[in-house]
Amino acid sequence: MRQSIFLPLAPFLLMQNPEPIATESDQLVRAAWLYYIGGNTQEQTAEILGVSRVKVARLLAEAREAGIVKISIEHRFGPMAEVEETIRRHYGLDFCRTTPPLLSDSVEHPAKMLPPAKLADEGPVARRAVAMVAVELLRERMQVDEECVIGVGWGRTTAEIARSLPAMRRPQAKFVSVMGSLTRNLAANLFEVVHHLAAKTGGEGHFLPVPFIANTVADRQILMSQRIVQETLALAEKANFYLISVGECDERAFLFENRYLSAQELNELRKAGAVGDTMGKFFNAQGEVVSSDLNDRTLAIDLEALRKHEVILLCGGRSKLRPAQGILKAGFVNGLLIDGDSASQMFHEIKAVRGGAVGE
């Protein structure tokens with residue numbers, strides 16, 4: 001029988017002394033995340049927590065007996081409350097939700113930053129964790145509005161959301177792709193993501209039947225003028241909110257690994273100052289769209305349309321930290337779902353810039 005984790009929401013108080021206290025409840029939560037979502041063995045979980053394997057087994061048993069382990073993770077990890085609020089205020093967001101940090105034992109001592117190649121190895125677990133937070137948000141939104149229209153960008157994290165979403169009856173919900181959906185790799189195909197989301201809910205799936213990148217600007221104009229494309233985009237512009245992900249701009253980037261970008265195009269983007277991409281646009285560290293003809297050849301909903309709606313950015317893994325920071329500065333993101341280790345690093349960088357006056 002497949003298990004996942006439900007952790008009931010608890011109130012949090014920001015103390016005058018922000019130093020986190022490792023309560024028994026928080027230890028139960030972290031052990032559950034590391035074991036069930038992180039995919040660690042009990043021995044690995046014990047090593048990360050700095051306790052014995054016997055204690056991990058006891059913690060997991062208590063989590064089950066207490067009803068913590070049920071369907072999905074809905075607990076807000078106490079020590080992350082200040083981190084979420086600091087990030088929210090710094091970037092002018094409506095909300096920020098994080099997972100617990102899985103690579104360190106406290107917010108005050110974030111995991112050591114590693115070379116890019118090593119950071120990429122953290123991606124799968126971080127994406128699964130962020131996907132669980134996104135699943136919680138989707139369930140909340142669809143309970144409030146069963147007829148909601150959800151715009152979906154593609155990427156490895158959104159694909160993980162489609163896999164993680166439990167079956168639920170929401171036949172009036174609509175999932176619509178906001179980027180070109182035809183790709184070489186089915187695992188990266190937004191049509192498949194939208195199809196799975198619709199299948200899990202019994203709702204409708206709508207996708208853009210065009211490639212993500214056109215060969216020329218003229219080709220893009222022809223493709224975007226097609227009636228079926230215009231109809232899908234019109235529905236996308238009625239979305240209640242958008243779920244979008246962020247990509248790096250290096251050799252480990254999703255677009256490069258799946259051969260959407262050539263080595264020459266990648267080099268040109270980096271020379272132009274690009275640090276990451278989302279929704280078919282490449283941004284620099286200041287949140288500005290860089291000068292590149294690729295930005296004129298991608299097929300996706302217009303950024304100006306995004307600014308009129310709620311946009312929720314997904315960031316899974318510390319390799320996405322710099323691109324996410326650039327995109328957050330662009331000013332069109334309203335909410336952030338981010339893994340705890342990336343959030344902790346972001347928190348400490350904000351704290352350093354403000355000279356430690358985070359709580360003000």
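The values are calculated or read from the model by the stated rules, or taken from the named source; none is laboratory data. For clarity, every value in this text was computed on a predicted model and none was experimentally measured. Cβ: placed from backbone, ideal geometry, glycine included. Neighbour counts: every protein chain shown.
You will find that of ALA173, ALA167, the residue that is over 22 Å from LYS281 (Cβ atoms) and surrounded by fewer than 16 Cβ atoms within 10 Å (Cβ to Cβ) is ALA167 and no other. Considering the range 230-256, the residues that are without any contact (Cβ under 8 Å) to a residue 40 or more places away in the chain and crowded, with 16+ Cβ neighbours inside 10 Å include one that is nearest to VAL275 (Cα to Cα), namely ALA253. GLU268 falls short of the stated requirement of being under 15 Å from GLY326 (Cβ atoms) and either crowded, with 21+ Cβ neighbours inside 10 Å or of a type in the set (Asp, Glu) (or both).
Only residues that are surrounded by 18 or more Cβ atoms within 10 Å (Cβ to Cβ) and farther than 16 Å from SER104 by Cα were counted across the range 43-60, and they come to 3.
Conditions tested, residue by residue: (1) in contact with an Asp or Glu (Cβ under 9 Å, 6 or more places away or on another chain); (2) over 24 Å from VAL133 (Cβ atoms); (3) of a type in the set (Asp, Glu); (4) not assigned by TED's automatic domain parsing to the domain that holds PRO209.
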site	(1), (2), (3), (4)
ASN284	no, yes, no, no
GLY316	yes, no, no, no
ASN334	yes, no, no, no
GLU349	no, no, yes, no
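Looking only at the range 241-251, decide whether some residue is assigned to a helix (DSSP H, G or I) and not small (Gly, Ala, Ser). Checked the range 241-251: no residue is assigned to a helix (DSSP H, G or I) and not small (Gly, Ala, Ser). Among the residues of the range 150-164, the one identified as at pLDDT 90 or above and in a loop (DSSP other than H, G, I, E, B) is GLY153.
For the range 19-67, list the helices (runs of 4 or more DSSP H) that sit wholly inside it and hold at least 2 residues that are over 19 Å from MET80 (Cβ atoms) and modelled with pLDDT of 90 or more; which are they?
Fully inside the range 19-67 and qualifying: 42-49, 53-65.
State which residue is nearest to ASP219 (Cα to Cα) when the search covers only the range 289-317 and only residues that are acidic (Asp, Glu) and out of contact with any strand residue (DSSP E or B) (no Cβ under 7 Å at 6 or more places or on another chain). Step by step, filter the range 289-317, then rank; the result is ASP296. When you look at THR99, is it in contact with a Phe, Trp or Tyr (Cβ under 9 Å, 6 or more places away or on another chain) and among the hydroxyl-bearing types (Ser, Thr, Tyr), yes or no? Yes: the conditions hold for THR99. Listed by first and then second residue, the pairs linking a residue in the range 35-50 that is over 17 Å from GLY317 (Cβ atoms) to a residue that is in a helix (DSSP H, G or I) and of a type in the set (Phe, Trp, Tyr), with Cβ atoms under 6 Å apart and 6 or more places separating them unless they lie on different chains, are THR45/TYR35.
Scanning the range 167-196 for residues that are among the hydrophobic types (A, V, I, L, M, F, W, C) and at pLDDT 95 or above yields ALA173, PHE175, VAL176.
For the range 95-126, enumerate the residues that are assigned to a helix (DSSP H, G or I) and closer than 15 Å to ARG30 by Cα.
Answer for the range 95-126, where residues must be assigned to a helix (DSSP H, G or I) and closer than 15 Å to ARG30 by Cα: VAL125, ALA126.
Suppose we filter the range 266-287 for residues that are closer than 20 Å to ALA120 by Cβ and outside any strand (DSSP E or B); how many remain? Count: 5.
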